[in-house]
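The values are calculated or read from the model by the stated rules, or taken from the named source; none is laboratory data. Because the structure is a prediction, the values reported are computed rather than measured. Positions of Cβ are backbone-derived with ideal geometry, glycine not excepted, and every protein chain shown enters the neighbour counts. Note: areas computed on protein heavy atoms with side chains; ligands, DNA, RNA excluded. Shrake-Rupley method; radii C 1.70, N 1.55, O 1.52, S 1.80 Å.
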Amino acid sequence: MQTLLTLLSTLLWWVLYGSIVALFASLVAWPVLRWSERSNVVFNRVYFACLLWSLFGLLLVGLAAAHEGNVRPPYGPLLASLPLRLALVVDMLVGALLLWRLTPRVDARRIRPTSACMAMAAVTAVAFGLATSLA
């Protein structure tokens, strides 16, 4: 019973943190997409793509940390590890793919793949900037 409650609690926290990260990412990606597409973009679809992206990313980074055996601070060796770097590359590719496939413009056309890559790069740059200023 305790294992079931632990798994349920972990799932709830994973979804909660994923939705917080998705809100932050969509608030960065949406203006970038509006600017690069020169058209309005549906915000709730941007949020949905960012939610799937953040849930996948949190799972991928958690698995890379567990593989390295570094799930508690300090995270210096984890940041220098090859599995985490590969996980971040795969994470960005999946994020751009999800954003490209799931986000329409208001005229019902899909956004361009270059716009999706630009939005993912902007989200990643802002996230790394915040992470380095807070650390």
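The table that follows gives values for the structure above.
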{"item": "Two-site FRET efficiency, V106 against R72, from Cβ-Cβ distance with R₀ of 41 Å, rounded to 0.05", "result": "0.35"}
{"item": "Net length gained if the chain between L7 and L97 were fully extended (0.36 nm per residue, minus Cα distance)", "result": "29.5 nm"}
{"item": "Helix runs (DSSP H) in the chain reaching 24 Å along axis by Cα, Kyte-Doolittle at least 1.6", "result": "82-102"}
{"item": "Carbon plus sulfur fraction of accessible area for region 77-135, probe 1.4 Å, in percent", "result": "75 percent"}
{"item": "Quarter of Cα convex hull surface for region 60-133, i.e. mean projection, nm²", "result": "5.7 nm²"}
{"item": "For the chain, convex hull of alpha carbons as volume per residue, Å³", "result": "113 Å³"}
{"item": "Accessible area in square angstrom per residue, the chain, 1.4 angstrom probe", "result": "64 Å²"}
{"item": "Surface accessible to a 1.4 Å probe, T10 within the full protein complex, Å²", "result": "80 Å²"}
{"item": "Most positive-pole-ward Cα, V126, A29, N70, against dipole of the chain from beta carbon charges", "result": "A29"}
{"item": "Gyration tensor (Cα) of region 41-89, equivalent ellipsoid semi-axes in angstrom", "result": "27, 10, 9"}
{"item": "Within the chain: Cβ-based charge dipole about Cα centre, in debye rounded to nearest 20 (Lys, Arg +1; Asp, Glu -1)", "result": "440 debye"}
